[in-house]
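The structure that follows is given in the form of structure tokens.
Bear in mind that the values in this text are calculations on the coordinates, not laboratory data. Small disclaimer: the values here were computed from a predicted structure and weren't measured. With ideal geometry, Cβ positions are generated from the backbone for all residues, glycine too; neighbour counts draw on all protein chains shown.
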Protein chains: 2
Amino acid sequence: MARKAGIIGGGVIGGGWAARFLLNGWDVAVYDPDPEAPRKVGEVLANARASLPALSDGPLPTEGKLSFVSSVSEAVQGAHYIQESVGERLDLKHRVLAQIQQAAPLETPIGSSTSGFKPSQLQENAANPGVIFVAHPFNPVYLLPLAEVVPSPRSTPAVIDAAKEILREIGMFPLHVRKEIDAHIADRFLEAVWREALWLVKDGIATTEEIDEAIRMGFGLRWGQMGLFETYRVAGGEAGMKHFMAQFGPCLQWPWTKLTDVPEFTDELVDLIAGQSDAQSGHYTIRELERIRDRNLIGFLRVLKERNWGAGMVLLEHDARRRAALPEPVVGEGPMDCARMTVLPGWIDYNGHMTESRYLFAASETSDAFLRHIGADIAYVGTGFSYYTAETHIMHLGEAKLGDALTGTVQVIHADEKRLHIFIRILKEGAAVATLEQMLLHVDMAAGKACAAPENILARLVPIAKAHAELPRPEAAGRHVGQRK
Amino acid sequence: MARKAGIIGGGVIGGGWAARFLLNGWDVAVYDPDPEAPRKVGEVLANARASLPALSDGPLPTEGKLSFVSSVSEAVQGAHYIQESVGERLDLKHRVLAQIQQAAPLETPIGSSTSGFKPSQLQENAANPGVIFVAHPFNPVYLLPLAEVVPSPRSTPAVIDAAKEILREIGMFPLHVRKEIDAHIADRFLEAVWREALWLVKDGIATTEEIDEAIRMGFGLRWGQMGLFETYRVAGGEAGMKHFMAQFGPCLQWPWTKLTDVPEFTDELVDLIAGQSDAQSGHYTIRELERIRDRNLIGFLRVLKERNWGAGMVLLEHDARRRAALPEPVVGEGPMDCARMTVLPGWIDYNGHMTESRYLFAASETSDAFLRHIGADIAYVGTGFSYYTAETHIMHLGEAKLGDALTGTVQVIHADEKRLHIFIRILKEGAAVATLEQMLLHVDMAAGKACAAPENILARLVPIAKAHAELPRPEAAGRHVGQRK
């Protein structure tokens with residue numbers, strides 16, 4: 001049975017939490033007194049549905065059930081995890097936390113999305129302070145992995161561990177902040193940059209647009225994959241971190257930032273910035289900007305996933321976690337069901353259709369899964385042997401579009417020691433959008449020529465080939481391009 | 001004839017400038033008294049050669065000639081652009097700039113890579129102050145587009161314009177900083193974050209690794225594509241920028257950052273940070289980290305390029321600039337030479353070989369270029385008609401690896417009103433690594449069925465088909481999978 005998350009506060013952040021839990025198979029109960037909350041959460045959820053699946057390379061769990069409830073206690077009763085995302089006022093948070101603790105199960109972790117308050121502040125006067133902690137996420141919550149998890153000395157370590165495990169399960173990266181501090185870690189940087197940016201605009205040095213360009217054309221790209229210190233370590237070159245620090249340490253004493261004062265937050269400054277921001281981005285609606293941002297983030301995250309680096313490692317671990325729970329493909333009555341895929345944004349062309357080469361990509365995913373099943377996996381390739389595709393014939397029979405769920409099946413037409421002749425169907429709702437006939441050869445990669453596959457692989461392959469010999473031969477097998485039916 | 005860039009200072013930054021100019025077809029003369037400079041510049045250039053071409057979707061210009069010279073005057077004589085990247089000391093920069101101006105052409109722009117000095121400081125006592133300005137790049141200079149261009153009131157506007165045009169030509173994004181200020185724009189943010197990070201490490205709140213995770217798992221990803229203000233505009237949701245500012249404005253007065261003081265830069269602090277950085281990243285060499293960083297950045301930049309967003313727009317404009325200078329494919333004696341491609345990092349598998357589906361991708365690039373040539377381009381598809389691939393036969397004949405230059409050719413086997421039967425060769429050094437036989441149908445997309453192509457397309461297609469009818473029929477045409485030779 002699906003577990004339940006109680007979400008208190010249904011704004012951009014609460015909605016993001018709701019979406020992340022739902023798309024990871026949790027039931028979610030949202031409480032927010034705002035009558036607009038269902039619409040707002042619905043819009044965040046629509047964005048999440050359009051993007052989060054693109055980060056996964058396996059089937060998603062069935063989406064959980066979303067309900068909007070009319071009280072805090074209804075939202076948190078029987079919940080396995082509770083997240084508070086109400087306004088940034090300590091008195092309000094105290095009141096909501098007290099309401100939560102009147103109805104929540106005693107051991108259920110209660111995370112707060114607070115940007116700045118310390119957990120010990122949140123715990124003041126609480127009935128059960130040990131389960132209250134900070135779980136500070138970053139917008140969009142359904143895509144960015146970071147959650148700063150901040151306990152206080154009064155927090156129960158087992159509850160914090162359980163909370164971190166839950167956050168990992170929903171694909172997040174819980175960063176354990178060992179000493180509580182105002183604004184945790186990330187927001188201290190955001191605040192320092194924000195203050196400096198306000199000065200630059202106020203003093204007429206740069207517009208909001210120029211400041212954004214100064215970030216995204218340069219160091220922003222670096223920080224998305226290495227952060228601050230590792231970037232500087234590389235910049236230090238061979239001489240390393242000490243050299244870098246010796247070079248730039250003295251600058252701290254130079255007038256490179258506004259150190260000693262805070263710009264006065266006047267209406268004029270607000271108007272100046274809001275006006276510049278309109279000029280910069282006003283030709284897009286917020287919804288459009290959200291979709292642009294999400295597509296960009298998916299792209300970045302998939303790049304990192306391909307490279308098993310940074311946030312991409314989180315995605316790979318999340319896939320592995322899910323895959324461990326999936327059944328292996330089994331030899332059954334018909335062709336083998338080897339791969340489940342979703343048509344991702346990077347797979348479609350300017351027409352919104354799956355681009356031609358992605359049909360072959362989907363077939364490769366399918367045959368790779370088949371090869372893993374017979375023991376010709378990455379570890380086997382590491383020993384210097386592999387199956388290479390020598391020849392392929394593709395029939396394009398239908399169209400796949402963004403978000404379509406595809407299944408790849410394999411039917412073995414013939415297999416001997418060296419040759420593996422297969423027929424792959426790429427199915428959408430049970431009908432083939434493409435079929436691919438392939439001849440693979442087992443090769444000695446160093447010698448660069450075909451050789452017999454080893455016993456252990458043949459022992460797995462031959463029974464499948466025998467079972468499949470009973471299947472009707474696909475009509476398109478043996479066909480050449482342009483052949484009449 | 002290639003133009004000449006004079007590069008003074010051959011460290012990581014000077015080497016990056018040299019690489020960017022060379023790979024964009026400029027000759028480069030480097031002066032650096034360090035006898036190690038040729039090796040150091042060589043290593044930066046090797047990194048650049050392994051990565052910069054992956055950002056381009058057209059053929060690169062022929063690489064320029066690199067020379068190491070023994071004096072400043074030799075480096076700058078006859079130069080069309082000069083860049084100074086010596087150490088961050090004003091007296092040293094004054095001395096070098098004076099030497100440059102003794103030998104440089106009078107109108108040649110002289111950019112300085114200074115992180116912090118204002119152009120008016122650099123111009124002090126200069127013979128020809130109007131041509132001196134700041135061109136502040138970001139490491140790695142060969143990949144990141146940003147160059148902060150900062151003139152002073154004494155700068156000659158025409159020289160600044162010429163410099164910006166040159167920077168665009170070598171694929172950069174010149175951000176014109178309208179008012180000079182210490183540390184320009186981006187480094188003011190870097191300095192604010194650096195100071196805050198030093199405090200966090202010094203106070204034992206977080207390690208260098210935790211700080212990097214706090215950045216790259218969250219806001220770093222956002223900043224790589226939108227920067228600060230546009231990100232916050234989206235975060236403000238429907239209520240917009242003013243709402244966001246009202247919500248977070250008051251925080252400026254809260255103790256979220258260390259406002260009033262600078263951490264003392266003691267040996268202990270340096271040791272603490274260097275030690276933590278070793279623990280975090282010491283299992284990689286700097287060279288390895290550079291390659292990891294470059295691959296990640298290429299991935300991010302290509303994502304943005306696919307989406308025509310931010311830094312990706314700079315890349316697309318750079319491609320368009322180059323493409324405008326290339327000849328159209330012409331009908332000649334043999335198959336038509338339609339596409340030139342480079343095997344990109346995203347095209348290779350864990351073995352370093354071009355992944356199977358990318359052969360079909362390369363063929364699509366080739367057939368797309370052919371279709372554009374006969375008038376079936378994106379604008380035509382916008383009218384509701386297109387050529388769809390119905391069937392493909394692929395022969396895998398060789399292997400392409402990262403960085404290989406590929407050529408795609410098209411031979412028309414048969415063409416009539418509805419059908420287009422083509423044979424594509426993907427060539428590496430003149431030999432086919434794959435051949436693809438394809439049947440394309442001209443379709444009415446709304447009706448979802450084949451229909452006759454219009455006169456203007458047939459008028460371009462038929463003469464090619466007639467010319468190609470004289471060519472020998474490819475051996476692999478008409479072949480089915482597994483057919484004996």
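Note down the net charge around B:Asn128, summing +1 for each Lys or Arg and -1 for each Asp or Glu among other residues with Cβ under 11 Å from its Cβ.
Computed value for this residue: 0.
If you don't mind, another one. Leaving out same-chain residues fewer than 8 places away, which lysines sit with a Cα under 18 Å from that of A:Lys428?
A:Lys401
Rounded, prolate or oblate: which fits region A:269-398 when a ≥ b ≥ c are the square roots of the eigenvalues of the alpha-carbon gyration tensor, with rounded for a/c under 1.5 and prolate only if a/b beats b/c?
prolate
May I ask which residue of B:Val270, B:Thr342, A:Thr208 lies farthest towards the positive end of the charge dipole of the protein assembly as shown, with charges of +1 (Lys, Arg) and -1 (Asp, Glu) on Cβ and the Cα centre as origin?
After comparing all options, I get B:Thr342.
Indicate the gyration tensor shape class of the protein assembly as shown (rounded, prolate or oblate), computed on the Cα atoms with a ≥ b ≥ c the square roots of the eigenvalues: a/c under 1.5 is rounded; otherwise a/b larger than b/c is prolate and the rest oblate.
It comes out oblate by the Cα gyration axes.
A follow-up question, please. State the Cα centre-to-centre distance between region B:13-27 and region A:355-392 in whole Å.
40
Taking Cα centroids, how far is region B:410-439 from region A:113-173 in Å?
59
With an 8 Å Cα cut-off and a minimum separation of 6 or more residues, compute the relative contact order for chain B in percent.
10
Return the loop-located trypsin sites (Lys or Arg not before Pro) in region A:46-121 (DSSP other than H, G, I, E, B) with at most 13 other Cβ atoms within 10 Å of their own Cβ; answer none if there are none.
A:Lys65, A:Arg89
Right, here's the next one. Which of the lysines could be linked to B:Lys179 by a straight reach, that is with a Cα gap under 22 Å, when you skip same-chain ones fewer than 8 residues away?
Of all the lysines, those that pass the test against B:Lys179 - Cα under 22 Å, at least 8 places apart if same chain - are A:Lys202, A:Lys258, B:Lys93, B:Lys118, B:Lys164.
Sort shortest first the distances from B:Pro105 to its counterpart in every other copy, using label points 7 Å along the Cα-to-beta-carbon line, and give them in nm.
Computed spacing set for this position: 7.7 nm.
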